[in-house]
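Q: This is the structure I want to talk about, given as structure tokens.
The values are calculated or read from the model by the stated rules, or taken from the named source; none is laboratory data. Remember, predicted model here, so these are calculated numbers, not experimental data. All Cβ positions, even for glycine, are placed from backbone atoms using ideal geometry, and neighbour counts span all protein chains on display.
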Amino acid sequence: MTEGDAEVDSRMRSPGTDSLDVDGLETYLHCPRRYEFAHVDGLEGSDDGTTIDDRIALLRTAICDALRRGETGREAFADAAGERLEALWADHDERFHSRTQRRHERRVLEATLEAYVETVGVDHAEGVERLTAESTDGELVGPDLPLSSTVSLPATETDTESVTIDASVDYVYADGRSIVGVQFVPTLRSLGLLRYRSDWERGIAERFTDHFDPDAGVFDPSFVASLFETAVVIDGLRTRCQQLGLEDRTCRYVQIPLADRSGTAINWVRETVETSLETKDLTDGYIDHHTYGMTHEHRNRTVDDRLADVVSEIAGDAFDPTDRWDDISSDACPDCGYTVCCQDYIAEEVRFDG
Ligand code: SF4
């Protein structure tokens, strides 16, 4: 669920077992009041990221449809995805400044698709086929295959004992003894340190802990949200493995960015676009080896415990941003779509002006 959708998350309002999703978790980490506006009150924010999202949706759908067709040869898989993208683009009614811009954006999508096929696409298509052969039960290719993880909450004053957190991946494939969930994302920028480190003990643990320490001077909600999302997805994959009769597998989570232009080279004279694709396996940065040694599962006790605390705060309607106001006002307010209706923000503006 995104803020733009602004659905009222009424599921969190009733006692017993409730639910929310990983987007809501990230919103809450940026600002609890923003979560209240978007997911409790159902107010629409004024920000709009739909253009990029819509273009990415074309690629996601084209790739998933090609994976579903079961083609594993390089040429056949590339052709299947390319033909599907062409058909989807023909129906894409985005308004462009000119035909030149429309042609250029289409070339960018085609170059991204080509980079996907070259970098991981063929391997992943073979992995989907392997998994399909091992398990005929359940969907393996989305987009948006639903996964969920149920978190038991610490004893609090609320009636809520557990919360189910929803997430999704675009497809699942087999890689050796691992089952891998893949999610297409716009960019990897929000991962922060997770993008460059692949060992929990090498800086990731410290930054994660520091985010929750008001005296540490660290505020990194997107990074923390990525670790929470990894925990939810990997736990959701474990559940899916049990349903598929594959309990002996370990689970992994990979993100692939489809709108990252940092590796894109454009030749405006020849009208060509080339790009590369960076994929990121978030699993190694997430697991802590102590918990892994105890459970033989890809888990992290520190992340899991903190996730339960944050979900418990949401279930307890803890939406006052005051405790982290300095961080929120400098990090979250400038890009927030709720400034016109937010009393916390308006009060700060009045105090500042007065
Ligand atoms: S304006 Fe600032 S305090 Fe208000 S909801 Fe947005 S981020 Fe939170």
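Q: Quick one: is Asp248 out of contact with any Cys (no Cβ under 7 Å at 6 or more places or on another chain), under 21 Å from Leu140 (Cβ atoms) and surrounded by fewer than 19 Cβ atoms within 10 Å (Cβ to Cβ)?
A: The answer is yes for Asp248.
Q: I'd like the residue in the range 254-271 that is modelled with pLDDT under 85 and outside any loop (DSSP other than H, G, I, E, B) and, out of all such residues, is surrounded by the most Cβ atoms within 10 Å (Cβ to Cβ).
A: Ile266
Q: Would the range 133-143 turn up any residue that is assigned to a strand (DSSP E or B) and surrounded by 20 or more Cβ atoms within 10 Å (Cβ to Cβ)?
A: Residues of the range 133-143 that are assigned to a strand (DSSP E or B), as a first pass: 141-143.
Keeping just the survivors that are surrounded by 20 or more Cβ atoms within 10 Å (Cβ to Cβ) gives 141-142.
Looking through the range 133-143, at least one residue is assigned to a strand (DSSP E or B) and surrounded by 20 or more Cβ atoms within 10 Å (Cβ to Cβ).
Q: Can Arg299 be described as in a loop (DSSP other than H, G, I, E, B) and exposed (fewer than 14 other Cβ atoms within 10 Å of the Cβ)? Let's see the steps before the verdict.
A: Working: in a loop (DSSP other than H, G, I, E, B): yes; exposed (fewer than 14 other Cβ atoms within 10 Å of the Cβ): no.
Judged against the criteria, Arg299 is not a match.
Q: Could you tell me how many of the residues in the range 331-354 are near the ligand (Cβ under 10 Å from one of its atoms), more than 21 Å from Glu229 (Cα to Cα) and either of a type in the set (Ser, Thr, Tyr) or part of a loop (DSSP other than H, G, I, E, B) (or both)?
A: The qualifying residues number 8.
Table: residues versus (1) part of a loop (DSSP other than H, G, I, E, B); (2) among the aromatic types (Phe, Trp, Tyr).
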| site | (1), (2) |
| --- | --- |
| Pro146 | no, no |
| Ser149 | no, no |
| Asp159 | yes, no |
| Thr164 | no, no |
| Ala167 | no, no |
| Tyr171 | no, yes |
| Ala174 | no, no |
| Ile179 | no, no |
| Val182 | no, no |
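Q: So is Ser276 in a loop (DSSP other than H, G, I, E, B) and either in contact (Cβ under 8 Å) with a residue 60 or more places away in the chain or crowded, with 16+ Cβ neighbours inside 10 Å (or both) or not?
A: Working: in a loop (DSSP other than H, G, I, E, B): yes; either in contact (Cβ under 8 Å) with a residue 60 or more places away in the chain or crowded, with 16+ Cβ neighbours inside 10 Å (or both): yes.
Yes; evaluated as a whole, the condition is true for this residue.
Q: Moving to a separate point now. Does Thr72 satisfy the criteria of being among the β-branched types (Val, Ile, Thr) and more than 16 Å from the ligand (Cβ to nearest atom)? Let's see the steps before the verdict.
A: Details: among the β-branched types (Val, Ile, Thr): yes; more than 16 Å from the ligand (Cβ to nearest atom): yes.
Judged against the criteria, Thr72 is a match.
Q: Now, a different point. Is at least one residue of the range 309-322 within 15 Å of the ligand (Cβ to nearest atom), assigned to a helix (DSSP H, G or I) and farther than 18 Å from Leu20 by Cβ?
A: Yes, the range 309-322 contains at least one residue that is within 15 Å of the ligand (Cβ to nearest atom), assigned to a helix (DSSP H, G or I) and farther than 18 Å from Leu20 by Cβ.
Q: May I pose another question? Quick check, is Thr164 within 28 Å of Val311 (Cβ to Cβ) and at pLDDT 90 or above?
A: yes
Q: Scanning for something among the acidic types (Asp, Glu), over 27 Å from Asp248 (Cβ atoms) and part of a helix (DSSP H, G or I), does the range 93-104 turn up at least one residue?
A: no
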